[in-house]
Amino acid sequence: MKKLLITIFAFILLFANQVKADEGMWLPSLVGKLNIDKMHSMGLKLSAEQIYSINNSSLKDAVVAMDRGSCTAEIVSADGLLLTNHHCGFGEIQKHSSVEHDYLQDGFWAQSHDQELPNPGKSVTFLVSMEDVTSRVLDGISDTTSVASRRAKMADAIAVIEKQARGTTKYEVSVRPLFEANIFYLFITETFRDIRLVGTPPQSIGKFGGETDNWMWPRHTGDFSMFRIYCAPDGKPANYAKENVPYHPKHHLPVSLKGVQENDYAMILGYPGRTNRYLTSYGLKNTMEVVNNIRIKARSAKLEIIRDYMAKGDKNRIQYASKFAISSNEYKYSVGQNLGLPALHVTGKKLAIEKEFTDWVNLDPARKVKYGNVLTDIANAYRSVDDRIAFEYSREVLLEGPEIFKFSLNISSLHNELRSNDKEKIKEAANRFKASLDGFYNDYDAQTDLKIAAVLTKMYAENVATKYQPSFLASATRKYKGDYLAYTTQLYKKSIFPERQKLEAFLDKPSLKILDKDPVYNAMISMMEAIKIIGVDYRQSTAGLENAKKLFVAGLNEMNSDKTIYPDANSSMRLTYGRVGDCNPRDGVHYSYFTTLKGYAEKGVTGDPDFDFPQQLIDMYHAADYGRYADKDRTLHTCFTTNNDITGGNSGSPVMNANGELIGIAFDGNWEAMSGDIAYEPDLQKCINVDIRFVLWIIDKYAGAKHLVDEMTIIE
Ligand code: ARG
């Protein structure tokens, strides 16, 4: 196995130049070997070493994973100033907002460092280095090693590699699988935890178009927000402390005001989360029929209830803004994917790949021995459907639907202390829990949660096989004759959790008897039991999948050894390069590669929740004072599209020109290619970016925060 992979890799290197420019999320450390010639031929002016270097500062030192990879951000000043998307700072902006200080509605701009707002829990992570450790991880493992023994040997080897790499440094280290665990990389990283909010436009700019325009082009969203990295006075990562100082990075990106033209070179460094480009037709069917369908059904019910609540007032709107945006973004993703996959005949493409694979395997007896069962094993792993359906519903309904059940689990440590009856420890656990209540109740409405619980538990009861039903749902049928609203109303009324005062009164005088009888807590415990049973069945029915997927990918790569290949996204840093360009989404329709402020005026409706057009922006549009931020055509460009290959997690990533200067911030993908995470669509797939000149114009002219622009290195 080991040898074979080395051969594959040698092949990858040999045929590096045949790859299409647009597709591919490349490992930065391999760009010098795999991609750099092609990149130079397309116009790149930098060396591979200037993009990724272990010894010298390089572009990678200006790009960070935000919140462990849920987004990306880039450093744009010597004082650790960060740019990311508005939707990546949305949670923090929402938490800092109140009816009195509504930063969602009005925006926020720190006029000096001491006004920058701390955000406990927010982090950014730098990549220190990455290294192929495949041969060490797979040492002593052969084709005949059993799955269990392979797993154990790998775990041991990984532990040793990580321990050695950690040594005495304060860095984090982790060995992670690529290509379905055919290749392994060691990542060394450093995480900073004092990240302060510096500025955000109002959501009428930062989220212009709202859920309506989300995942679509043409777009006019100024999807950016600003943070700053703080560190201890010695430059090391530290938790928030008043005396912390702005971090001085090894590199910050210069910002270009030159704008973009069609066919300009464009590249993105960032942290794509997950793609499934090697998914089989069997996996595809499961994604559509089980994962997406259940998500769509559960989310549309849940979102409707939240939408109603939010419409009833500013307090409500602020409370649920972030929860709604996250849930709805994923909902629309699944809707788009379920439309795109059939429209673009992705199943047919997958079947064609599988047929080619089977033919290739059948040509050679040795291949037959090794790969002959791969596709049947995969098919078998997807055969059992009841447990998959239950698995998805348990996630959507029991864990991510109503919030109170999961929240009630926070009392388990107090529950344990109550059982052991140690007065001191009981008090300690009660106080600890009490101190954490703000985070939950500030953004929680029990009535809304109850309505969600009623609708979703009913959905679970009606759609999941009997053996996976948690016992508490049986009472809904028995005692309440299927009236889930009446049932959950009782449940919430009799529990200590839905109302903060009740819970606090309980925590002042904790009692084992009350907790043991609490209906919400007991419902949660019965859900956990059901989830355990689902897990056992699910693991059993998919036992062969891990190994079969590994072999399928190894076989495909061997079969395609004349092509340069890249691994699926896994939240590690990747580079994608391509060009600025337009799109013909369907017959007779052409999308220009850029939008302008004129589009605001066309779409804007004062006071509309999605398309509000603030008066100040209307006035500024009419004044057309764009100064140095204007394009050559004298308009203000708002967004543009490139054919860079990105996905969720890339949000906030820097779009850079041939000199490594910032020209935009990536923030979305387009509706016509929502299936792109499963099969890249070279003719349709676009990366949607906010033009950096729009961002700077907003900061400078709209917000009057020119001091932030002055902090940057501007290339005019
Ligand atoms: N579709 C974008 C992404 O997943 C997120 C956009 C957030 N905006 C919104 N209206 N929810 O990267």
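The values are calculated or read from the model by the stated rules, or taken from the named source; none is laboratory data. These numbers come from a predicted model, not from an experiment. Neighbour counts are summed over all protein chains in view; Cβ atoms, including those assigned to glycine, are modelled from backbone coordinates with ideal geometry. Surface areas here come from the heavy atoms of the whole protein model, side chains and all, with no ligands, DNA or RNA. Shrake-Rupley method; radii C 1.70, N 1.55, O 1.52, S 1.80 Å.
Spatial offset of segment 600-623 relative to segment 55-123 amounts to 25 Å, using the alpha carbon center of each.
How big is the dipole moment of segment 123-239 about its Cα centre under a simple scheme where the beta carbon of each Lys and Arg is +1, that of each Asp and Glu is -1, and everything else is neutral? Debye, nearest 20, please. Walk me through the numbers on the way to the answer.
Values: 14 positive and 14 negative charges, 63 e Å.
Rounded to the nearest 20 debye, it is 300 debye.
Scattering from the C-alpha atoms of segment 660-703 alone, worked out with Debye: what is log10 I(q)/I(0) at q = 0.16, 0.22, 0.34 1/Å? So the normalised log intensities are -0.56, -0.75, -1.10.
Per the Kirkwood formula on distinct C-alpha pairs, the Rh of the chain is how many angstrom?
Numbers: mean 1/r = 0.0364 Å⁻¹.
That comes to 27.5 Å for the chain.
Applying a 10 Å radius around every beta-carbon, put 70-77, 293-300 in order of their mean neighbour count, most first.
My ranking of the peptides, most packed first, is 70-77, 293-300.
Database note for the chain: Cys without another Cys beta carbon under 4.7 angstrom, CYS231, CYS583, CYS639, CYS687. For segment 414-426, backbone phi angles converted through the Karplus equation (6.51, -1.76, 1.60; θ = phi - 60°) give residue-by-residue couplings of 5, 4, 4, 5, 4, 5, 7, 6, 8, 4, 4, 5, 4 Hz, Gly and Pro being listed as x.
In the distance distribution for segment 217-268, Cα-Cα pairs more than 14 Å apart total 72 percent. Over segment 519-617, the hull volume per residue, using the convex hull of the C-alpha atoms, is 340 Å³. Scoring 577-584, 220-227, 84-91 by mean Cβ neighbours within 10 Å over their residues and listing the highest first yields 220-227, 84-91, 577-584. Only Cα pairs under 8 Å and 6+ residues apart enter the sum, and on that basis the relative contact order of the chain stands at 24 percent.
At 222 nm, what value in deg cm²/dmol follows for the chain if DSSP H runs of at least 4 each add -39500 (n - 2.57) and the sum is divided by all its residues, to the nearest 500? Let's see the in-between values first.
Working: 32 runs with 318 residues, N = 716.
Value at 222 nm, helices only, nearest 500: -13000 deg cm²/dmol.
Charged side chains reduced to their Cβ positions (Lys and Arg at +1, Asp and Glu at -1) give the chain a dipole of some 2220 debye around its Cα centre. In a simple Cβ point-charge model (Lys, Arg +1; Asp, Glu -1; nothing else charged), segment 109-179 has a dipole of about 260 debye relative to its Cα centre. Probing with 1.4 Å while keeping every protein chain in the model, the per residue accessible area of the chain equals 42 Å².
The Cα trace of segment 34-153 gives Rg and Dmax of 21.6, 66 Å, the first to one decimal, the second as a whole number.
What do the square roots of 5 times the Cα gyration tensor eigenvalues come to for segment 435-568, in whole Å, largest first, as semi-axes of the equivalent ellipsoid?
Details: eigenvalues 362, 87, 45 Å².
Here the semi-axes work out to 43, 21, 15 Å.
When you count the other C-beta atoms within 10 angstrom of each residue and take the mean per peptide, 404-412, 363-371 line up highest first as 404-412, 363-371.
So if I take the alpha carbon set of segment 638-683, get Rg, then get Rh from the Kirkwood formula, what is the Rg over Rh ratio? Walk me through the numbers before you get to the answer.
Numbers: Rg = 11.3 Å, Rh = 11.7 Å.
For segment 638-683, the value is 0.97.
For the pair segment 212-284 / segment 474-514, the C-alpha centres are spaced 43 Å from each other.
Rg/Rh for segment 123-204: what does it come to with C-alpha atoms and Rh from Kirkwood?
Numbers: Rg = 17.7 Å, Rh = 14.9 Å.
Computed over Cα atoms, the ratio is 1.19.
Positive end of the dipole of segment 478-545 (Cβ unit charges, origin at the Cα centre): among LEU515, GLY535, GLY482, the Cα lying farthest that way belongs to GLY482.
Ordering TYR629, TYR621, TYR171 by accessible area with a probe of 1.4 Å, largest first, what comes out? If you can, show how the numbers build up before the last one.
Working: TYR629 0, TYR621 55, TYR171 80 Å².
Ranked from most to least accessible, the order is TYR171, TYR621, TYR629.
The Kirkwood radius of segment 83-136, taken over pairs of alpha-carbon atoms, gives through the Stokes-Einstein law at 4 °C and 1.567 mPa s a diffusion coefficient of 92 µm² s⁻¹.
Sequentially through segment 304-313, phi angles give Karplus couplings (6.51, -1.76, 1.60; θ = phi - 60°) of 4, 5, 5, 4, 4, 5, 5, 5, 8, x Hz, Gly and Pro residues having no value and appearing as x. The amide H of ILE714, built 1.01 Å from its N in the peptide plane, has VAL255 as neighbours under 5 Å, considering only residues 5 or more places off or on other chains.
Distant-in-sequence amide contacts of ASP668, defined by a placed amide H-H separation under 5 Å and a gap of 5 or more residues or a different chain, comprise ILE688.
Across segment 267-279, rounded Karplus estimates of 3J(HN,Hα) from the backbone phi angles (6.51 cos²θ - 1.76 cosθ + 1.60, θ = phi - 60°) give 9, 10, 10, x, 10, x, x, 7, 10, 9, 5, 9, 4 Hz, Gly and Pro being marked x.
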